[in-house]
Amino acid sequence: MKIVFFEIQDWEKEIIQRQFPDLELEFFKEPLTQHSIEKLKATDILSVFIYSKITRQMIHQLPNLKFITTRSTGFDHIDLEACRDNNIQVGNVPYYGENTVAEHTFGLILSLSRNIHKSYVRVQRNNFSTEGLKGFDLKDKTIGVIGTGRIGLHVIRMAGGFGMDILAYDINQDGFLAEVLGFEYVGLDEILKNSDVVTLHVPYNKHTHHMINQNNINKFKKGAILINTSRGGLIETEALLTGLKKEILSGVGLDVIEGEEYIIEDKQMIRDDEESEVWAQIVKDQMILHNENVVFTPHIAFYSQEALERILDTTIVNIRKFQKGEFTDSLV
Ligand code: NAI
């Protein structure tokens with residue numbers, strides 16, 4: 001059985017080699033692209049991270065492929081329907097520490113609410129002026145949490161610790177948890193209208209694509225902060241530009257942005273037919289990232305030592321279970 005790992009670091013490679021001494025293993029630091037497919041014909045199992053986009057075309061080119069296990073919670077980079085059609089099982093890491101992403105979310109919120117990012121840049125230039133650095137308290141402000149799953153609920157617990165009022169929006173509601181954790185479910189528009197801080201924690205799919213868009217950006221409370229540590233596609237890029245330009249949003253904290261694969265990894269091949277679209281996206285992203293009211297981190301909300309170890313542990317368990325025919329958590 002041959003297992004190929006993409007987007008893998010050296011320390012992970014050593015652990016995996018110790019765990020699977022009898023299997024044929026291959027490791028690549030870079031993401032899987034159409035260009036690497038030729039070398040993978042005999043692959044039975046693929047393990048990837050989010051910058052490896054697995055398309056139907058690729059799946060057709062891998063006749064032996066039986067199992068894909070992504071070392072992430074999100075799986076929007078894998079064509080699940082194509083996997084289902086070709087009897088390929090798909091595993092992910094459904095949880096590895098909701099605290100990790102929730103802590104990063106609050107890092108972004110605090111950076112914006114207390115102008116930590118602006119202070120840092122000033123001090124680097126030996127400028128110690130406090131002008132324009134007045135922040136605001138989180139206590140008694142309203143946070144709107146969109147998506148009350150594992151990460152969203154942890155954000156809610158932390159927001160409670162800051163003494164914030166908490167509104168939440170989710171298609172699945174748990175009245176008991178709302179009572180215990182002290183938050184209220186409301187509609188999406190109500191969240192946007194009443195929240196000083198809005199934070200996104202829903203998965204990315206066709207229902208959540210551009211959940212924040214040009215039509216509802218005007219519904220935000222004037223001067224609100226918007227945080228996205230989930231997936232870039234949840235926010236229409238133009239809506240971010242509008243929100244910042246019209247000062248509807250006083251700050252934006254992003255760990256993810258539409259088109260991030262082109263600006264972060266710089267490795268993704270741009271197809272000829274999508275070239276102009278991609279360049280337009282890159283220009284818009286650069287305008288956002290260079291705005292002084294935006295704090296951007298390059299998709300690192302999950303990136304703590306503890307979380308990485310838990311991700312690897314689950315991936316190894318996924319592969320072992322699949323080998324024994326005991327993998328029952330397939331996403332398809
Ligand atoms: P989860 O599955 O526990 O929670 C998602 C919640 O969103 C659920 O309560 C679900 O009912 C709700 N939801 C789904 N569709 C919805 C819709 N259309 N409208 C409203 N609510 C909807 O997921 P978890 O673990 O909290 O993760 C959330 C997302 O965070 C992941 O899907 C992933 O994309 C992202 N993530 C980002 C990371 C990073 O490093 N930036 C790391 C880990 C996850």
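The values are calculated or read from the model by the stated rules, or taken from the named source; none is laboratory data. Just so it is clear, the structure is predicted and the values come from calculations on it, not from any experiment. All Cβ positions, even for glycine, are placed from backbone atoms using ideal geometry, and neighbour counts span all protein chains on display. Protein only, heavy atoms only, side chains kept; ligands, DNA and RNA dropped before computing areas. Shrake-Rupley method; radii C 1.70, N 1.55, O 1.52, S 1.80 Å.
One table, with the values for the structure above:
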{"read-out": "Low-density loop cleavage sites - GluC sites (Glu not before Pro) in the range 212-301, where at most 12 other Cβ are within 10 Å (DSSP)", "value": "Glu247, Glu292"}
{"read-out": "Selection from Ser195, Ile171, Ile212, by position along the positive dipole direction of the range 98-296 (Cβ)", "value": "Ser195"}
{"read-out": "Along each principal axis, Cα extent of the chain, largest first, Å", "value": "61, 48, 39"}
{"read-out": "Local net charge near Leu133, Cβ-Cβ under 15 Å (Lys/Arg +1, Asp/Glu -1)", "value": "+2"}
{"read-out": "Neighbour-limited loop hits for trypsin sites (Lys or Arg not before Pro), the range 105-134 (at most 13 other Cβ within 10 Å; DSSP other than H, G, I, E, B)", "value": "Arg125, Lys134"}
{"read-out": "Of the DSSP H helices in the chain, those whose Cα atoms cover at least 15 Å axially and whose Kyte score averages -0.5 or more", "value": "98-113, 150-161, 275-289, 305-323"}
{"read-out": "Whole-angstrom gap from the range 37-63 to the range 88-121, using each part's C-alpha centre", "value": "29"}
{"read-out": "Dipole moment magnitude, nearest 20 debye, the chain about Cα centre, only Lys, Arg, Asp, Glu C-beta charged", "value": "460"}
{"read-out": "Within straight-line cross-link reach of Lys321, aspartates and glutamates at Cα separation under 12 Å, skipping those fewer than 8 residues along the same chain", "value": "Asp329"}
{"read-out": "Dipole of the chain [Lys/Arg +1, Asp/Glu -1 at C-beta], most positive-end residue of Phe302, Ser129, Gly161", "value": "Ser129"}
{"read-out": "Summed residue charge, Cβ within 9 Å of Asn92's Cβ, Lys/Arg positive, Asp/Glu negative", "value": "0"}
{"read-out": "Accessible solvent surface per residue of the range 98-296, calculated while the other protein chains remain in place, 1.4 angstrom probe, Å²", "value": "51"}
{"read-out": "Selection of chymotrypsin sites (Phe, Trp or Tyr not before Pro), the range 116-150, meeting DSSP coil and at most 15 other Cβ within 10 Å", "value": "Phe128, Phe136"}
{"read-out": "Carbon/sulfur fraction of accessible area - the chain, other protein chains in place, 1.4 Å, %", "value": "49"}
